[in-house]
Amino acid sequence: MNFLEIKSKLKNKTLGIAGCGGLGSNAAVALARVGIGKLIIADFDKIEESNLNRQYFFFNQIGQYKAAALKENILRINPAVNVEEHIVTLTPARIKNLFIDCDIIIEAFDKAEMKEMIAETVLTEFPLKPLICGVGLAGWGGNDLIKVEIHDNLYIVGDHVSETSENDPPIAPRVGIVANMMANVVLEILLGKDK
């Protein structure tokens, strides 16, 4: 399948991204580059200087809402992508309303309780909709430990053990690997396996 065929297959697809930090921003950019038709992105947070070590934002965007800044960045990369941004704290009701028309949802939260909440919501409300989650991405190295586990329509990407903490922070290389693997899972679901 050549790149024009890939873009043609993706142009009518909609992806939901819950969280616009390290995983969400990098996965969104990867999918915008390959021609996903629509992105529905949601995050309540603002960009801080400490985010720049792993998130797809720029120094001059510090203080802006992540969802609005990510939309701006995506449209600079690919103005053909329809980006719908929501500056909200996601709840089960909001997840249901915002992501109802998505073909796939990416979970890109920092906190375990938010990851659990979106998984329970999507698996209950949209049992046939694929949900891609990131778990275990702190630190550096260990590329061979990062993998994709599949449980029906739940895809879990990461090493499944490296919890982030002050002494084991999330930083660009590993966060980028997991985010791009999540984007690659989206492509496998929408386009089929390549290799």
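The values are calculated or read from the model by the stated rules, or taken from the named source; none is laboratory data. Note that the coordinates shown come from a computational prediction; the quantities given were computed from them, not determined experimentally. A quick note on method: Cβ atoms are made from the backbone with ideal geometry, for glycine too, and the neighbour counts reach across all protein chains shown.
A few points about this structure:
- Filtered residue count, the stretch 110-168, keeping only those that are within 24 Å of Phe44 (Cα to Cα), among the aliphatic types (A, V, I, L, M) and part of a loop (DSSP other than H, G, I, E, B): 3
- Residue count for the stretch 154-174 satisfying the condition of being in contact with a helix residue (DSSP H, G or I) (Cβ under 9 Å, 6 or more places away or on another chain) and at pLDDT 95 or above: 3.
- Residue in the stretch 160-171 that is without any contact (Cβ under 8 Å) to a residue 40 or more places away in the chain, surrounded by 15 or more Cβ atoms within 10 Å (Cβ to Cβ) and under 18 Å from the mean Cα position of the chain (by Cα) present: no
- Screening the stretch 37-87 for residues that are among the aliphatic types (A, V, I, L, M) and assigned to a helix (DSSP H, G or I) and picking the one that is surrounded by the most Cβ atoms within 10 Å (Cβ to Cβ) gives Leu70.
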